[in-house]
Each structure stands twice: as C-alpha cells, then as structure tokens.
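Worksheet: the structure to be examined is printed underneath.
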Amino acid sequence: MSYTSGMKKLVFKIGGDFLRDAREAFEHPNPSTAGTHTVYVKDAGQIQKILSPERINLLARILAYGKKDRSISEIATELNRKQEAISRDLTILEKNGLIIKTRVGQRVRPEAVYSTITIELISN
C-alpha cells in the first residue's frame, strides 16, 4: 500500500486539552477533520525529540519525491549527509509513525505518511 495516495494531516498540540477536544469532537463532529491525527504534548521539547531540523528537511525531501524510487544513499548524497545519519533519522521517524519503509528490490524506500504537519500552541 502506498501512503502517498491517501495522505493525512498530523497536528501536534502543545498544551492542548485532549478531553475537552474529544468531547467537542463527539458533540459536534466535523467531517473536514477526517484523516487528521492529533498528538498532545506538554512542551516543545517533546516535539523536538522527533522533529529536529534535519528530520524536517528529510521529511520535506521524501514528500517532494512522491512515488519516485530513491535509495537511502541517494537521499544522503542529495542532502549532503552521511548515510548512517539518514538511516538513524529514518528509524526515528518510522518509530514515531511519520514514515513507512518499503522494500523495492534491493532498495529501501521511505514514504511519508502525512502530507501536512502542524504545530499548535494552546493557551489554556
């Protein structure tokens, strides 16, 4: 299955209230938010552990490829980074559900799960 065909939106909410939002979604369903996943975090440090500047650039590059077949070594060359660093970042992104890796012959191809990632700062 290719995730690029059914891309979703990911929202990080810093300081949000999950219970209030869940109650609101239950009482007033909004079809326009279908396919949106929300992650609630207490502070920006939790997001930074997942989305470093290098990983954000890597995600952007993966999204730009679309269905093109790019190996990890090709991505490393294009981003001027070591292949080991790219592999480590891909593992972290995969572990956190932001990409999937598919095998295409001898190559491993990363695919983005989300087309949009939004960070919302919530004032309670």
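The values are calculated or read from the model by the stated rules, or taken from the named source; none is laboratory data. All values reported here derive from a predicted model rather than from experimental measurement. Cβ sites come from the backbone with ideal geometry, for glycine too, and all protein chains shown count toward neighbours.
I need a count of the residues in region 34-45 that are in contact with a strand residue (DSSP E or B) (Cβ under 8 Å, 6 or more places away or on another chain) and farther than 11 Å from I14 by Cα.
Going through region 34-45, the residues in contact with a strand residue (DSSP E or B) (Cβ under 8 Å, 6 or more places away or on another chain) turn out to be 35-44.
Checking which are farther than 11 Å from I14 by Cα leaves us with 35-37.
The total comes to 3.
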ask   = Out of (1) in contact with a Pro (Cβ under 6 Å, 6 or more places away or on another chain); (2) in contact (Cβ under 8 Å) with a residue 12 or more places away in the chain, what's the single condition that is false for R109?
value = (1)
task = Output yes when any residue across region 46-56 is closer than 22 Å to K9 by Cβ, in a helix (DSSP H, G or I), in contact with a Ser or Thr (Cβ under 9 Å, 6 or more places away or on another chain) and among the β-branched types (V, I, T), and no when none is.
result = no
inquiry  = Exactly one condition in (1) farther than 20 Å from T116 by Cβ; (2) modelled with pLDDT of 85 or more is false for D43; which is it?
reply    = (2)
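What number of residues within region 57-72 satisfy the criterion of being among the polar types (S, T, N, Q) and either surrounded by 14 or more Cβ atoms within 10 Å (Cβ to Cβ) or not in a helix (DSSP H, G or I) (or both)? Even if it seems obvious, please write down each step before you answer.
Here is the first cut: in region 57-72, the residues among the polar types (S, T, N, Q) are 57, 71.
Remaining after also requiring either surrounded by 14 or more Cβ atoms within 10 Å (Cβ to Cβ) or not in a helix (DSSP H, G or I) (or both): 71.
Matching residues across region 57-72 total 1.
Which residue is nearest to T36 (Cα to Cα), if the candidates are limited to region 73-108 and must be outside any helix (DSSP H, G or I) and among the polar types (S, T, N, Q)?
Keep residues of region 73-108 that are outside any helix (DSSP H, G or I), which gives 80-82, 96-108.
Subsequent filtering for residues that are among the polar types (S, T, N, Q) retains 80, 96, 102, 106.
Values: N80: 33, N96: 16, T102: 23, Q106: 33 Å.
Among residues in region 73-108 that are outside any helix (DSSP H, G or I) and among the polar types (S, T, N, Q), the one nearest to T36 (Cα to Cα) is N96.
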key: Subset of region 92-124 (residues that are over 30 Å from D21 (Cβ atoms) and touching a strand residue (DSSP E or B) at 6+ places or on another chain (Cβ under 9 Å))   = K101, T102, R103, V108, R109, P110
query = What number of residues within region 21-40 are of a type outside the set (F, W, Y), modelled with pLDDT of 80 or more and surrounded by fewer than 11 Cβ atoms within 10 Å (Cβ to Cβ)?
reply = 3
